[in-house]
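Novice: Sending over a structure as structure tokens; questions will come in a sec.
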């Protein structure tokens, strides 16, 4: 049986990608070899990671996405400042936050969780945290390197200027390759088309 590694996401406009590229270039200036950076061209706002899905389930997932999307109109988001998971004292993941109409975003994400659960995709155990991953620190980083990177990253200036409209959600395919994941679009579902 064919399986497709997939997730549901919101795509980012070119202007936001350009801002994230500029930020990443500043963060890369010190050449921290222990950080694996995400290519801004492949960045997206993940709403639900599905994992390996049988290919014949894709139409059911798209239909469920459509049911949720019909009851949500377009809304605006914007990128905000940088942060780290679990925190800046012990950074594992460096990210850019998302602001704007977060209540609308959270309702959309919760709606997806509720329609996908009966299809065998249980809700996440952790609360949804809207963010765009910039980079991940490798496991074997010394505490000193981690601390120095965090001190540097927190000082990098990032001006938040761009709002963007969310008008669709996308079902994406993720192929893992030696150079990183390659994403392709399986379906686009527009919001508010009841």
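The values are calculated or read from the model by the stated rules, or taken from the named source; none is laboratory data. Note that the structure is a prediction, hence the values are computed from the model and not measured. Backbone-built Cβ (ideal geometry, glycine too); neighbour counts: all protein chains shown.
Novice: So which residues in region 166-193 are modelled with pLDDT under 95 and within 30 Å of residue 88 (Cα to Cα), if there are any at all?
Specialist: 174, 176, 177, 178, 179, 180, 181, 182, 183
Novice: Continuing with this model, one more query. Select from region 78-93 the residues that are touching a helix residue (DSSP H, G or I) at 6+ places or on another chain (Cβ under 8 Å) and either more than 30 Å from residue 189 (Cβ to Cβ) or modelled with pLDDT of 95 or more (or both) and list them in ascending order.
Specialist: Listed by number, the residues that qualify are 82, 84, 88, 89, 90, 91.
Novice: Go through region 151-165 residue by residue and tally those that are surrounded by 14 or more Cβ atoms within 10 Å (Cβ to Cβ), modelled with pLDDT of 90 or more and either closer than 21 Å to residue 104 by Cβ or within 19 Å of the chain's Cα centre (by Cα) (or both).
Specialist: 1
Novice: Here's a follow-up. Does residue 115 meet the test of being in contact with a helix residue (DSSP H, G or I) (Cβ under 9 Å, 6 or more places away or on another chain), in contact (Cβ under 8 Å) with a residue 24 or more places away in the chain and part of a strand (DSSP E or B)?
Specialist: Judged against the criteria, residue 115 is not a match.
Novice: Let me ask something else about it. Just need a number here: residues in region 81-92 that are outside any loop (DSSP other than H, G, I, E, B) and buried (at least 17 other Cβ atoms within 10 Å of the Cβ).
Specialist: So the count comes out to 3.
Novice: While we're here: Picking from 39, 25, which residue would you name as being at pLDDT below 95 and closer than 17 Å to residue 176 by Cβ?
Specialist: Among 39, 25, only 39 is at pLDDT below 95 and closer than 17 Å to residue 176 by Cβ.
Novice: Do we find a residue being out of contact with any helix residue (DSSP H, G or I) (no Cβ under 8 Å at 6 or more places or on another chain), surrounded by fewer than 17 Cβ atoms within 10 Å (Cβ to Cβ) and within 24 Å of residue 160 (Cα to Cα) anywhere in region 50-66?
Specialist: Scanning region 50-66, I find no residue that is out of contact with any helix residue (DSSP H, G or I) (no Cβ under 8 Å at 6 or more places or on another chain), surrounded by fewer than 17 Cβ atoms within 10 Å (Cβ to Cβ) and within 24 Å of residue 160 (Cα to Cα), so the answer is no.
Novice: Just one of the numbered conditions (1) in contact with a helix residue (DSSP H, G or I) (Cβ under 6 Å, 6 or more places away or on another chain); (2) under 16 Å from residue 66 (Cα atoms); (3) part of a loop (DSSP other than H, G, I, E, B) is not true of residue 192; which one?
Specialist: (1)
Novice: Got a sec? Which strands (runs of 3 or more DSSP E) wholly within region 3-64 have at least 3 residues that are without any contact (Cβ under 8 Å) to a residue 60 or more places away in the chain?
Specialist: Here the list reads 45-54.
Novice: Would you pick out the residues in region 9-20 that are in contact with a helix residue (DSSP H, G or I) (Cβ under 6 Å, 6 or more places away or on another chain) and either closer than 20 Å to residue 74 by Cβ or loosely packed, with under 15 Cβ neighbours inside 10 Å (or both)?
Specialist: The answer is 17, and nothing else.
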